[in-house]
Amino acid sequence: MLRPDLQDTLKSLPTKPGVYLYHDSAGKIIYVGKAVNLKNRIRSYFHDSAHHSPKNRHLVRDIAGIEFIIAASELEALLLENNLIKKHQPKYNVRLKDDKRYPYIKVHWQDPCPKVTTTRRLQNDGARYFGPYTAAWAAYKTLDLARKIFPYLTCTRIITGNDERACLYYHLKRCAAPCIGAVNQAEYRAIIDDLCGFLAGNTRPIVKKLEQEMAAAAGALDFERAAALRDQIAAIHQIAEKQKVVSPQMTDEDVVAFARADGDACVQVFFIRGGKLMGREHFLLEGVDDAHDDEIMASFLKQFYNQVQDVPPEILLPQEVDERIIIRDWLKSKRGGKVTLKVPRRGNKRDLIRMATENATEMLNHVKSLWELDQNKQTEALTQLREQLHLPEDPLRIECYDISTLQGKHTVAGMAVFAKGAPRKSDYRRFKIRSVLDKPDDFASMAEVLRRRFSRLAPANKTAASLHDAPGRSPGKKDAAWQMVPDLIIIDGGKGQLNVALKALEEFGLTDVIHLVSLAKREEEIFVPHQSDPVILPRRSQALYMVQRIRDEAHRFAITYNRTLRRKAGVASRLDSIPGVGPKRRKALLKAFGSVQNIRQAGVEAIAAVPGITRPLAETIKELL
């Protein structure tokens, strides 16, 4: 058993269901959890077997106090856990990254003549809520369209039916005017009931009802009312056509999927009502570094549906989740009807999960791109990097190098550049290694790359001491990027790569000008020259995310170049092996057809039409390809 300082507390824990809270030395709540048996669950954190996860190791290390709240049932504990996580935002819990409230359309059904408004706060007041909507303008646009079909009240007057005159909206056909008795209370509530069905996405019964009323009005020779009903039906059809049909079963369901990267996760939710995609929304989570996928999904379901009133009868998930039964029972009690948590394995529902996952991935990539433009986070990352690496100033220009090869063939290197915390792709450079042929040698390749880089840093007659202040050539010149002196160079690799890079710096007398580190992939360890222990950047720190991004950029840039060379070599070898086809004719063929595959599929006449290709040579090319 670990943590002997907590033994007395652990022995006195109750065996009842409830919620437990872990505090750090400052008294701050760092984790909230729930349990059917508080004693067993809390003690499990302090066994050696629980320490395989880095997250658990860090959590147990930081625990200075334990608090618990007994609940009547596991369901009550779940509700309490949700509220405490939302209130305290503990650092070790998976949690919604922002606490924004999404807009809903509120139908004041509890009133005799219900009004329709928008709100961001859900209350148990008898009203009907529809949403959430992705933005306030989406809710307003929906209401603007709905009001043309279902003229509802927006005024604050007390409805008696005895007012002398109606407001302007009645004359614009945007209000049914129960205030003057144009419709009675029952008729007005029927209009609002149809509006609720429309907002819920169930348009077929509404259209059928309006068609019957239109036929009745026409039969009674009330052609003005029949025409108005006709226009309402046309408007509903027009709106319905804009909604994408994604489920032929006409079901009500939410589709939930997520993507994760760099300590963040993006969850995408599709809201499907009546088989139509009514809307979608994404949510960012944090604290997911070492959390399993099922834990992430369970945490999201509890936090999201805790603030949502409209729970559909079916929720599609990408995988099974922790606490599935208790979450299902909680959602069932919240909805007042059956709720199914389903993991589809095939068919249309599986395609919906795949589509939601792709959207989550794209949204996460988009958010990461926006992060790169966030000056505050960039400044924070550079400051953290300066402090952790003990640099004299913020590293405003960082260069990262990575070697890419395949069994010693086509060895190349990529140089990625971040300026003031953001990628500067115009300064990226790639290198084709010349000194290493037909054998993998990352050390020699890295040495060559850095020597070539430093040799272009400034004219040879400039001393190292003057390099940092050298203005170089004008930014418009092609070699301007070479003249820029980096504040920090990151080498992708361990101590071996670091020592090779350090020798290159020493050759050019740049050790006092440029700071150098290497980054090992496995544990994200940063090695510093003349320092035995690596630097470990704090998890979830902006500095770590920046270092990881520039490393990934250098790797991507290098491997893309390596693949390009391999592809070109493959094309060249197949065409060059044909007698009579040299570099000039090969270039002409590729220019005409674009690829070897297209040449292979072309006829002899088309090949012979290429300048420099005779009929006999075209026949030979066709035969050999």
*asked:* With the structure loaded, tell me whether A501 is modelled with pLDDT under 90, among the small types (G, A, S) and part of a helix (DSSP H, G or I) or whether it fails that test.
replied: no
*Please go through the range 40-55 and pick out each residue that is of a type outside the set (D, E) and either loosely packed, with under 13 Cβ neighbours inside 10 Å or modelled with pLDDT of 80 or more (or both).*
N40, R41, I42, R43, S44, Y45, F46, H47, S49, H52, P54
*Looking at (1) touching a His at 6+ places or on another chain (Cβ under 7 Å); (2) modelled with pLDDT under 90; (3) not in a helix (DSSP H, G or I), find the lone condition where M363 falls short.*
(3)
*Within the range 281-302, tally of residues that are among the small types (G, A, S) and farther than 18 Å from I30 by Cβ*: 1
*Can you tell which of T383, T463 is at pLDDT below 90 and β-branched (V, I, T)?*
T463
_Pair list, Cβ under 6 Å, 6 or more apart: the range 386-406 residue in the same structural domain as R424 (by TED's automatic domain parsing) and closer than 22 Å to D533 by Cα, other residue part of a loop (DSSP other than H, G, I, E, B) and of a type in the set (D, E)_ = R386/D394; P395/D487
*asked:* assigned by TED's automatic domain parsing to the domain that holds K521, more than 18 Å from D492 (Cα to Cα) and in contact (Cβ under 8 Å) with a residue 12 or more places away in the chain: is that true of A419 in this structure?
replied: yes
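The values are calculated or read from the model by the stated rules, or taken from the named source; none is laboratory data. All figures in this text were calculated on a predicted structure; none of them were measured in a lab. We place every Cβ from the backbone using ideal geometry, glycine too, and count neighbours over all the protein chains shown.
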